[in-house]
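Accompanying notes for the structure given below.
The values are calculated or read from the model by the stated rules, or taken from the named source; none is laboratory data. Keep in mind that what you see is a predicted model, and the values were worked out from it rather than measured. Please note: Cβ atoms are built from the backbone with ideal geometry, for glycine as well, and neighbour counts cover all protein chains shown. Ligands, DNA and RNA are stripped out before the accessible areas are found, and what is left, the full protein with its side chains, is counted by its heavy atoms. Shrake-Rupley method; radii C 1.70, N 1.55, O 1.52, S 1.80 Å.
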Protein chains: 2
Amino acid sequence: MSNKQRARRGMCYSTPSNRSPAGSEKVDSMEQPRLRISKERATIRHLVEEKMRELIATGHFKPGDRLIERELCETFDVGRTSVREALRQLEAEGLIRTEPHRGPIVTKVSFGEARQLYQLRALLEGFCGAEFAVKGTDEEHRRLFAACEAFAAAAEGKAPTEQLVARKAEFYRCLIAGARNIYVEDMLTSLHNRVSMLRATTMTQPHRLPKSVEEIRDITRAICARDADWARRASITHVEESSKIALQLLSDAEVA
Amino acid sequence: MSNKQRARRGMCYSTPSNRSPAGSEKVDSMEQPRLRISKERATIRHLVEEKMRELIATGHFKPGDRLIERELCETFDVGRTSVREALRQLEAEGLIRTEPHRGPIVTKVSFGEARQLYQLRALLEGFCGAEFAVKGTDEEHRRLFAACEAFAAAAEGKAPTEQLVARKAEFYRCLIAGARNIYVEDMLTSLHNRVSMLRATTMTQPHRLPKSVEEIRDITRAICARDADWARRASITHVEESSKIALQLLSDAEVA
DNA sequence: CGCTGGCGGTTTGTCTGACAATCTGTCATT
DNA sequence: AATGACAGATTGTCAGACAAACCGCCAGCG
């Protein structure tokens, strides 16, 4: 029960310890053309946070589930402090909801709310597309194009779902970054987190993949052509198309 | 130093305890025509949260200031637990920023970021305006109109700044609610919090008031006329106009 | 038979005290 | 003057404690 704890304590909350067994060569020397070594948030609370986000996104915790502090402490083998602070963060992100004195539950997104979610997402991604088209550097355009093709290749090559999700996430990272607006970035990331929660309940439907690929290619083409209006429309269309399917599945699920 | 603490503890964080001394009759029977008794978030961390939000918005804590846990504990006379959890919330809202082992500081918004902030705000408020115009009920329109006139009256009657701010906030509450989109609501609220932080550093400039009133009236007129496009443009214009002034002041302040 | 009210178990909200890890500024050493 | 080490301050985290609120259950009462 507590020997793991003992083990961890003493060396305390140091994540990056003994991950590279022998030396510390490749850790932080030459690498990173950018400024600052990778930020590597190593606090326990951040790890818990991230883990829980993942568990919610993958459906391990389902909407409506109660999250009991003590259980979480045992699961992650950390103290209540860290768990509670992570919960506050997730609460602010909207992934969980806390009723005073009843504890946190995974947020349940109703049909109407899902529609609102997609509506806002369309607005913001349309904005990103348009801004990217206008302000993006050639380098960013190249990167977007590469991400797009990587996703397409994975989709056409019947890659495992997990990889598809990763590639698509990468594409979005590029797209969102292109807007050069940190607030939009934050908010879209938050929205995407909630969408993946939805997706976990509705499951993905593979038959939309080809269309999805085509839509994403269209967005990419529009942006690379620096056509703001086309890019906006293409981005919006993509969100609307996927929202159609998702909402359909959701309403089915809600009845059942 | 700690007798206040002692005093509060023992009866602990019970706000409504022994308010009715003898019996427990009147506790929860008839009252509240609305559904649910007022939510009354009585947890300490919420109070701390709110207080700190206010202190940041009013400029008592200025961008760049370090917030030291122990000091906050003493200031509010609460434990570290509550303070830290409140900090996590504010961090997620973007009002403060925490560097892993250096503690939280009030977020500093650069000129470029401020521009991004206003840009996004224009997008979202334009959306609200348009949606409100289309979907708003007559009742909501009436309420918006009332809020608008209340603000105008306060502005023209040289009311104290505090009241002006309150009235304008009320107007925005109506406007934002009209979009019937909880996500937009959350995000705009968050953006507004950050804007008030900016405003605290740049101060308000009274000579813009008449124009501001006119812009808000225009928004209201457009919405009540159910003209979505007009409403969007009017909302965007209002944000852009105030952003001009704010950015001007900000760039002055940044040099100094 | 249905409702009321009390009882106990569970969980949260909060405080305290402790300690390692990290950061920062200062000061002595070279 | 640059460097490096030490001390003080602050955060990150844990464990333990306890009041308050919630929840389900069961008995008693009309």
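Can you spot a residue in the stretch A:201-211 that is touching a residue at least 60 places away in the same chain (Cβ under 8 Å), in the same structural domain as A:F127 (by TED's automatic domain parsing) and either more than 29 Å from B:R194 (Cβ to Cβ) or under 12 Å from the mean Cα position of the chain (by Cα) (or both)?
Yes: the stretch A:201-211 contains one or more residues that are touching a residue at least 60 places away in the same chain (Cβ under 8 Å), in the same structural domain as A:F127 (by TED's automatic domain parsing) and either more than 29 Å from B:R194 (Cβ to Cβ) or under 12 Å from the mean Cα position of the chain (by Cα) (or both).
Could you grab me the full set of residues in the stretch B:87-138 that are within 15 Å of DNA strand C (Cβ to nearest atom) and under 15 Å from B:T189 (Cα atoms)?
If the condition is that a residue be within 15 Å of DNA strand C (Cβ to nearest atom) and under 15 Å from B:T189 (Cα atoms), then B:Q89, B:L90 are the ones that fit.
Could you say which residue among B:R173, B:R232, B:R226 is in a helix (DSSP H, G or I) and either more than 30 Å from A:V195 (Cα to Cα) or within 14 Å of chain A (Cβ to nearest Cβ) (or both)?
Step by step, each of B:R173, B:R232, B:R226 is checked, and only B:R232 is in a helix (DSSP H, G or I) and either more than 30 Å from A:V195 (Cα to Cα) or within 14 Å of chain A (Cβ to nearest Cβ) (or both).
Going by what's in this entry, would B:P104 be described as in contact with a helix residue (DSSP H, G or I) (Cβ under 9 Å, 6 or more places away or on another chain), within 16 Å of DNA strand D (Cβ to nearest atom) and modelled with pLDDT under 95?
So B:P104 fails the test.
Could you run through the stretch B:39-50 and say how many residues are open to solvent by less than 90 Å² (accessible area, probe 1.4 Å) and in contact with a helix residue (DSSP H, G or I) (Cβ under 9 Å, 6 or more places away or on another chain)?
Number satisfying all stated conditions: 6.
Which residues, taken from the stretch A:68-103, are surrounded by 16 or more Cβ atoms within 10 Å (Cβ to Cβ), more than 9 Å from chain B (Cβ to nearest Cβ) and in a helix (DSSP H, G or I)?
A:L72, A:C73, A:F76, A:S82, A:V83
Looking only at the stretch B:181-209, which residues are over 16 Å from B:I96 (Cβ atoms) and open to solvent by 30 Å² or more (accessible area, probe 1.4 Å)?
If the condition is that a residue be over 16 Å from B:I96 (Cβ atoms) and open to solvent by 30 Å² or more (accessible area, probe 1.4 Å), then B:I182, B:E185, B:D186, B:T189, B:H192, B:R199, B:M203, B:T204, B:Q205, B:P206, B:H207, B:L209 are the ones that fit.
Which ones in the stretch B:116-129 are at the interface with chain A (Cβ under 10 Å from one of its Cβ atoms) and farther than 20 Å from A:I176 by Cα?
Matches in the stretch B:116-129: B:G126 only.
Are any residues in the stretch B:51-67 open to solvent by less than 60 Å² (accessible area, probe 1.4 Å) and assigned to a helix (DSSP H, G or I), and if so, which ones?
Hits for the stretch B:51-67 are B:M52, B:R53, B:L55, B:I56, B:A57.
Among the numbered criteria (1) within 23 Å of B:L191 (Cα to Cα); (2) in contact (Cβ under 8 Å) with a residue 24 or more places away in the chain; (3) more than 10 Å from every other protein chain (Cβ to nearest Cβ); (4) away from DNA strand C (no atom under 16 Å from the Cβ), which one does B:Q163 miss?
The number of the failed condition is (2).
Can you name the number of the only condition in (1) open to solvent by 70 Å² or more (accessible area, probe 1.4 Å); (2) in contact (Cβ under 8 Å) with a residue 60 or more places away in the chain that B:L120 fails?
(1)
Can you give me the number of residues within the stretch B:104-115 that are open to solvent by 40 Å² or more (accessible area, probe 1.4 Å) and within 12 Å of chain A (Cβ to nearest Cβ)?
Of the residues in that region, 3 qualify.
Of all residues in the stretch A:143-160, which are free of Cβ contacts under 8 Å to residues at least 24 places away in the same chain and either in contact with a Cys (Cβ under 9 Å, 6 or more places away or on another chain) or outside the structural domain of A:M197 (by TED's automatic domain parsing) (or both)?
A:A146
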